[in-house]
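None of the figures in this text is laboratory data; all of them are computed from the coordinates on show. Since the model is a prediction, treat every value here as computed from it, not as a measurement. Note that each Cβ is placed from the backbone with ideal geometry, even for glycine, and that neighbours are counted across all protein chains shown.
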Amino acid sequence: MSPKKEMTIRDFAKIAGVSVATVSRSLNNSPLVKQETKQRILQLAEKVGFERNASARGLATSRMDTIGIILPLEYDKFDQHLYYSSLMNDLREDLERSSFDLIVSFATNRFTGKSNILRLINRKKVDGLIILRETLDPEILKFLETKKIPYIFSHYPPANDEIPFDVVYPDHLWGGRLAGEHLASLGYKNILCLCVEGGIHEFDLRVEGFAKALISKGISFSEQNVIYSPFTIKDGFRLVIEHAERVKKADALFAVTDLLAFGALEAVKDLGLRVPDDFAVIGYDDIPLSAELHPPLTSVHQPREEMASETCKRLLEKIKFKDKYKSGVKTVIHPYLVVRESCGAYFRNTSRKER
């Protein structure tokens with residue numbers, strides 16, 4: 001059986017009893033068509049399932065109604081995918097609500113080494129880009145500016161204040177501060193921090209905010225309190241076991257990601273410490289699994305929904321007002337603390353052993 005032929009605009013115009021031009025104008029909301037005619041054509045199009053394809057629509061309007069999302073390098077690693085998949089779902093929901101399609105890609109083709117961004121732009125596949133990376137190669141940024149392609153960075157804090165592009169990101173310094181203030185308010189004094197190694201800006205900011213909060217409360221904290229680890233759950237577990245003596249002398253631990261906190265939580269139990277009675281653990285990101293642990297993990301909630309909403313809103317404004325939009329705007333969003341049982345919020349005054 002031969003495949004069913006796709007309905008063309010000429011086919012639909014014949015069904016509607018109007019010209020091709022009237023159909024085109026109606027679908028593009030042209031003021032040249034009477035409102036009642038336009039409404040009738042739109043209702044009929046929905047009834048018979050007719051929609052102009054993206055290429056034809058682009059030729060008429062210079063718009064694809066499609067956004068490209070450029071993924072971070074670490075997106076396909078299982079541990080980190082747990083967070084980014086939640087952020088992607090929020091971005092997709094906001095874009096679909098505004099009737100935009102998505103094309104998801106890495107910045108570079110891992111097999112050919114060629115730029116996927118150049119390919120998307122040169123083939124006129126997208127109207128704009130959401131970039132889930134801290135930055136891009138200067139040549140790619142210059143290309144986007146030359147082509148006047150709207151784009152916005154999201155999630156990652158900029159390395160400095162002198163940025164030439166728009167960026168929406170959570171205040172990691174503030175989030176670290178929330179974790180430190182919470183542990184201090186519960187009376188913990190000897191606190192360790194499990195941080196991702198490699199000098200990654202967002203994680204260093206979390207540690208900095210955490211340290212400042214503790215010091216402001218009169219609690220000693222320095223680089224000696226920090227244990228550096230790779231990103232994975234397995235490494236969080238391993239590093240806590242390797243530093244068992246330090247951990248047993250402490251009464252709490254702040255992990256800069258929930259993934260590290262998951263590993264640390266299990267390792268602390270293996271060391272014979274009860275959580276939260278003997279030892280507190282607090283994480284960062286508040287990924288959905290955090291609430292399912294035993295005990296459930298207290299965590300700093302990344303404002304994914306708000307970050308996605310603001311990112312999409314600003315990008316769509318840039319697309320709509322391309323020639324009038326000011327670039328270099330930083331939008332900072334505050335995370336908040338989700339208190340659960342892992343840091344003794346409910347049990348410390350009644351059942352935590354004195355150390």
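Before moving on, here are some points about what is shown:
- Between helix 138-147 and the chain there is an angle of about 30 degrees, using the helix long axis and the longest principal axis of the Cα atoms.
- With Cα atoms, 0 to 90° folded angle of helix 258-270 axis to the chain main axis: 30 degrees
- Selected from I200, F153, A252, residue furthest toward positive end of dipole (the chain; charges at beta carbon): F153
- Take every DSSP beta bridge whose two residues both sit in the chain; close to 10 percent of them are antiparallel.
- Most mobile listed residue (G209, G199, G113) in the chain, GNM with C-alpha springs under 10 Å: G113
- Dipole of the chain, positive direction: furthest Cα of V300, G328, V126, with charges on the beta-carbon: V126
- Packing-based exposure ordering (other Cβ within 10 Å, fewest first) of F50, F321, F153: F321, F50, F153
- Per-residue Cβ neighbour rank within 10 angstrom, fewest leading, L253, L102: L102, L253
- Distance from the C-alpha centroid of the range 155-218 to that of the range 273-341: 13 Å, rounded to the whole angstrom.
- Choice from N190, N116, N28 with maximal GNM fluctuation in the chain (Cα, 10 Å cutoff): N28
- Summing charges over all other residues whose Cβ lies under 11 Å from the Cβ of I163, with Lys and Arg as +1 and Asp and Glu as -1, gives -3.
- GNM top mover of S185, S26, S115 - the chain, alpha-carbon springs below 10 Å: S26
- Cβ charges +1 (Lys, Arg) and -1 (Asp, Glu), total dipole of the chain, debye: 1700 debye
- Counting only lysines at least 8 places from K326 when in the same chain, those with an alpha carbon closer than 27 Å to its own are K124, K125, K142, K147, K148, K313, K318.
- Only one residue of V281, V18, T108 has its Cα farthest out toward the positive end of the dipole of the chain, where Lys and Arg carry +1 and Asp and Glu -1 on Cβ, and that residue is V18.
- The value of relative contact order for the chain, using C-alpha pairs under 8 Å at least six residues apart, is 16 percent.
- Percent of beta bridges antiparallel (DSSP, the range 251-350, rounded to nearest 5): 30 percent
- Within the range 58-187, percent of DSSP bridges classed antiparallel, to nearest 5: 5 percent
- C-alpha long axis of helix 78-97 to longest principal axis of the chain, angle in °: 40 degrees
- Remark: C195, C343 ranked as C195, C343, counting other beta-carbon atoms within 10 Å and listing the fewest first.
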